[in-house]
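Asker: Attaching a single structure in structure tokens format; questions to follow.
The values are calculated or read from the model by the stated rules, or taken from the named source; none is laboratory data. Everything numeric in this text was worked out from a predicted model, so none of it was measured. Heads up, the Cβs are rebuilt from the backbone with ideal geometry, glycines too, and the neighbour counts pull from every protein chain shown.
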Amino acid sequence: MRPDRYRGRPDGRGSLHRRPVGLFGRPPWSGRSTGALLAGLLVLFAGLALSPAAGQARAELRVGYELVAKVNGPTAVTSAPGHKKMIFVTQRHGEIRMVRQGHVLPDPFLDISGLVGSRSIEQGLLGLAFPHDYRKTGRFYVDYTDRKGDIRIDQFTRNQKKPLQAPVTSRRPVLRIPRVSIRGSHNGGEMLFQGGLLYIAVGDGNDPGDALNLAQNLDSLRGKILRIDPRTDETTGRTYRIPATNPFVNGPGRDEIFAYGLRNPHSFGFYRPPGGQLEMEISDVGQARFEEINYLPFRLVWGANFGWKLYEGVSPYDCDRERCPAGLPVIGSTNVVWPVLTYPHTLGCAVIGGPVVDDPALTRIRGRLIYGDFCSNRVRTAKPDYGWITDDRRLGPAMPPGRGEHPALNGIGEDTWGRIYLFSNFGQIYRLEQKAVAGKKGSKKKKKKKRPSKK
């Protein structure tokens, strides 16, 4: 049974928060020896002795954007095992480019532009995933829409003699999901490996309003998070295998489904806090009113229904404004996992979720979930808290080109070292960097002497 804070507990506000557990815990010296206390005081006094004196400039740590490269229509940024100094960037039209130390290599890693259909911004080469055994096997997987608008998950293999090239002839089709409507929208595209299995985000395929209600239909792969083993099943001859622990195996619904009730899950990610259990984040793009982020323990995502199209955010979707005014709390629905963070379309139009920051150099935001929006330059971070989110705040500076201008944030990725990359639909790829910036010099205000009044 799922805890009430995930099922049947909407709030209806612009964002959802709760106080972190143990915020005011025992004092740091509680239960420690006198020697440890004295040692701590000595460290404290030493720090005070080294602190800047009055009048000296104090350094302030700030997170900013470092332009790394510019490519045509980036849709995903990731890294591959064995290539620690390189990132791989998918381009909408069908190429995978390699960026090494700020330079885009002249030849693409893979070019499947002849297979890819990219007539709209929600189509094209959308996802790329390298399994943990990539160095040994050379196999990797891509997610794209073909010329008919169908979603394709294909396997490719790098060239053994030229490891920075993967021939198109190495293609092995894994999975095909038919197009829903002529518009060919809501395709998701994010793919990640976790525990040797491939997780795939798939949108409902129909805009507006998921007219066929596919996200709630367990006989459709649309509007879902799928989980498969992409290796060929030698027993059945199928191009992929079904994990026996998937929630709908041997029951109603498609065996590939891991979670459902999603409109267009643009991005998702996994995070294991130090000493804790695995957690999962799913960012789902809204219809006309709300954007949402779901964050919960991984074990609770198993078979979960995230509510679309019954709800958009925490409000009912398929009814008129008179009966269901915006922000009305929903009571008594126990079969829906509610988002932990929502915001209205007055602040954006399409949520772009990112990973929990794990870059040791980003001390100010390490351990915080990063996210943004396609239609605004608001980039924010929030603190994961045992499957919840707290302390939602602005990252700091607006994403280039600057405040009030449209950066068209298209995604957030990370490399082997945990460094964070934000990329624009216009082509710029930025890496988050933390630098010490000189602050204002401290100075003591002098008291002005009062002049004697004239009589």
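Asker: Within the stretch 248-267, work out how many residues are more than 16 Å from the chain's Cα centre (by Cα), part of a strand (DSSP E or B) and not hydrophobic (A, V, I, L, M, F, W, C). Walk me through it before giving the result.
Answerer: Here is the first cut: in the stretch 248-267, the ones more than 16 Å from the chain's Cα centre (by Cα) are 248-261.
Next cut, part of a strand (DSSP E or B) only: 257-260.
Remaining after also requiring not hydrophobic (A, V, I, L, M, F, W, C): 260.
Residues flagged as more than 16 Å from the chain's Cα centre (by Cα), part of a strand (DSSP E or B) and not hydrophobic (A, V, I, L, M, F, W, C) within the stretch 248-267 amount to 1.
Asker: While we're looking at this one, here's another question. How about the stretch 268-308: which of its residues are over 15 Å from I389 (Cβ atoms) and in a strand (DSSP E or B)?
Answerer: Passing the criteria: F270, F290, N305.
Asker: Suppose we filter the stretch 112-137 for residues that are crowded, with 18+ Cβ neighbours inside 10 Å and not hydroxyl-bearing (S, T, Y); how many remain?
Answerer: Selection size over the stretch 112-137: 13.
Asker: Of everything in the stretch 134-150, what is touching a Pro at 6+ places or on another chain (Cβ under 8 Å) and among the hydrophobic types (A, V, I, L, M, F, W, C)? Give them in sequence order.
Answerer: Of everything in the stretch 134-150, just one residue is touching a Pro at 6+ places or on another chain (Cβ under 8 Å) and among the hydrophobic types (A, V, I, L, M, F, W, C), namely F140.
Asker: If you check every pair at least six apart or on different chains, which have Cβ atoms under 6 Å apart with a residue in the stretch 171-193 that is surrounded by fewer than 16 Cβ atoms within 10 Å (Cβ to Cβ) first and a residue that is small (G, A, S) and at pLDDT 95 or above second?
Answerer: Final answer for the pair search is none.
Asker: From the residues in the stretch 250-273 that are within 27 Å of D207 (Cα to Cα) and of a type in the set (D, E, K, R), which one is surrounded by the most Cβ atoms within 10 Å (Cβ to Cβ)?
Answerer: Here is the first cut: in the stretch 250-273, the residues within 27 Å of D207 (Cα to Cα) are 252-269.
The next check asks that each one be of a type in the set (D, E, K, R); those that pass are 254-256, 263.
Details: R254: 17, D255: 16, E256: 21, R263: 26.
Of everything passing the filter in the stretch 250-273, R263 is surrounded by the most Cβ atoms within 10 Å (Cβ to Cβ).
Asker: I'd like the full set of residues that are of a type outside the set (D, E) and in contact with a Phe, Trp or Tyr (Cβ under 9 Å, 6 or more places away or on another chain), limited to the stretch 249-262.
Answerer: Answer for the stretch 249-262, where residues must be of a type outside the set (D, E) and in contact with a Phe, Trp or Tyr (Cβ under 9 Å, 6 or more places away or on another chain): G253, R254, I257, F258, A259, Y260, G261, L262.
Asker: Check whether at least one residue in the stretch 227-239 is closer than 26 Å to G353 by Cα, out of contact with any Asp or Glu (no Cβ under 8 Å at 6 or more places or on another chain) and of a type in the set (A, V, I, L, M, F, W, C), and report yes or no.
Answerer: Within the stretch 227-239, not a single residue is closer than 26 Å to G353 by Cα, out of contact with any Asp or Glu (no Cβ under 8 Å at 6 or more places or on another chain) and of a type in the set (A, V, I, L, M, F, W, C).
Asker: In this structure, does G82 turn out to be loosely packed, with under 14 Cβ neighbours inside 10 Å, over 17 Å from D415 (Cα atoms), touching a helix residue (DSSP H, G or I) at 6+ places or on another chain (Cβ under 9 Å) and of a type outside the set (A, V, I, L, M, F, W, C)?
Answerer: In short, no.
Asker: Moving on to the next point. Name every residue in the stretch 218-244 that is charged (D, E, K, R), closer than 18 Å to G188 by Cα and either free of Cβ contacts under 8 Å to residues at least 12 places away in the same chain or not in a loop (DSSP other than H, G, I, E, B) (or both), in order of residue number.
Answerer: Within the stretch 218-244, K224, R227 meet the criteria.
Asker: Need at least 2 residues that are of a type in the set (V, I, T) per element, so show me which strands (runs of 3 or more DSSP E) inside the stretch 333-393 make the cut, counting only ones lying wholly within it.
Answerer: Per the criteria, 351-356.
Asker: Now for a separate question. If I filter the stretch 412-421 for residues that are aliphatic (A, V, I, L, M) and in a loop (DSSP other than H, G, I, E, B), do I get at least one hit?
Answerer: For the stretch 412-421, residues aliphatic (A, V, I, L, M) and in a loop (DSSP other than H, G, I, E, B): absent.
Asker: Being among the β-branched types (V, I, T) and at pLDDT below 95 is the filter; apply it to the stretch 380-393 and report the residue that is surrounded by the fewest Cβ atoms within 10 Å (Cβ to Cβ). Spell out the reasoning first.
Answerer: Let us first name the residues in the stretch 380-393 that are among the β-branched types (V, I, T), namely 381, 389-390.
Applying the additional criterion that residues be at pLDDT below 95 yields 389-390.
Working: I389: 24, T390: 18.
That would be T390.
Listed here are the residues, each with its yes/no results for (1) at pLDDT 95 or above; (2) surrounded by 12 or more Cβ atoms within 10 Å (Cβ to Cβ); (3) among the aliphatic types (A, V, I, L, M).
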site	(1), (2), (3)
G276	no, yes, no
V285	yes, yes, yes
I293	yes, yes, yes
V301	yes, yes, yes
I331	no, no, yes
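Asker: Being farther than 24 Å from L296 by Cα, surrounded by 20 or more Cβ atoms within 10 Å (Cβ to Cβ) and not β-branched (V, I, T) narrows it down to one residue among L409, L369; which is it?
Answerer: Result: L409 is the single residue among L409, L369 that is farther than 24 Å from L296 by Cα, surrounded by 20 or more Cβ atoms within 10 Å (Cβ to Cβ) and not β-branched (V, I, T).
Asker: Something else: Just checking, which of L164, L214 is among the aliphatic types (A, V, I, L, M) and crowded, with 18+ Cβ neighbours inside 10 Å?
Answerer: Criteria check complete, one pass: L214.
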